[in-house]
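To start, the structure itself, in structure tokens.
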Amino acid sequence: MTRWCPALVPAVQLRHDRVRDTDLLLLPERVVVLEGSAGAVLRLCDGVRAVPDIVAELALRYPDAPVAAEVPAFLGRIRAEGWLR
């Protein structure tokens with residue numbers, strides 16, 4: 001089985017809105033406001049890191065968070081939306 005190394009599709013951009021102090025996904029004709037650490041997760045989706053590597057990095061940053069369960073599920077939802085390849 002091939003390891004999935006997620007990356008945002010070319011039409012989607014991750015930006016930080018300084019006014020609202022939140023991360024945004026800029027899509028064609030749509031803006032998605034990200035909550036919590038979603039932006040931190042998506043910043044690690046560079047097409048080089050595989051999902052287990054992303055989980056490991058986030059587990060170091062957020063040792064008390066349930067990243068092993070939540071991050072793969074979150075990435076799967078974003079992929080299902082067509083925003084990750």
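Structure values in brief
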quantity: Approximate spin-label separation Gln13-Arg77, in nm, with each point projected 7 Å along Cα-to-Cβ; calculated: 2.5 nm
quantity: Cα principal axis extents for the chain, largest first, Å; calculated: 34, 30, 18
quantity: Inter-site label distance for Leu27 and Glu57 at 7 Å from Cα along Cβ, in nm; calculated: 2.3 nm
quantity: Residue-by-residue Karplus 3J(HN,Hα) for the range 42-52, coefficients 6.51, -1.76, 1.60, Hz, glycine and proline x; calculated: 5, 5, 7, 7, 10, x, 10, 6, 7, 4, x
quantity: Net charge of Cβ neighbours under 10 Å - reference Arg3; Lys, Arg +1; Asp, Glu -1; calculated: 0
quantity: Sequence of Leu26, Leu58 from largest to smallest accessible area, 1.4 Å probe; calculated: Leu26, Leu58
quantity: Alpha-carbon centroids, the range 55-85 and the range 12-41: separation in whole Å; calculated: 16 Å
quantity: Accessible area expressed per residue, the range 17-67, with surrounding protein chains retained (probe 1.4 Å, Å²); calculated: 64 Å²
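The values are calculated or read from the model by the stated rules, or taken from the named source; none is laboratory data. Predicted, not measured: the structure shown is a model, and the values here were computed from it. For neighbour counting, all protein chains shown are included, and Cβ atoms are generated from backbone atoms with ideal geometry for every residue, glycine included. Just the protein is used for accessible areas: all its heavy atoms, side chains included, with ligands, DNA and RNA removed. Shrake-Rupley method; radii C 1.70, N 1.55, O 1.52, S 1.80 Å.
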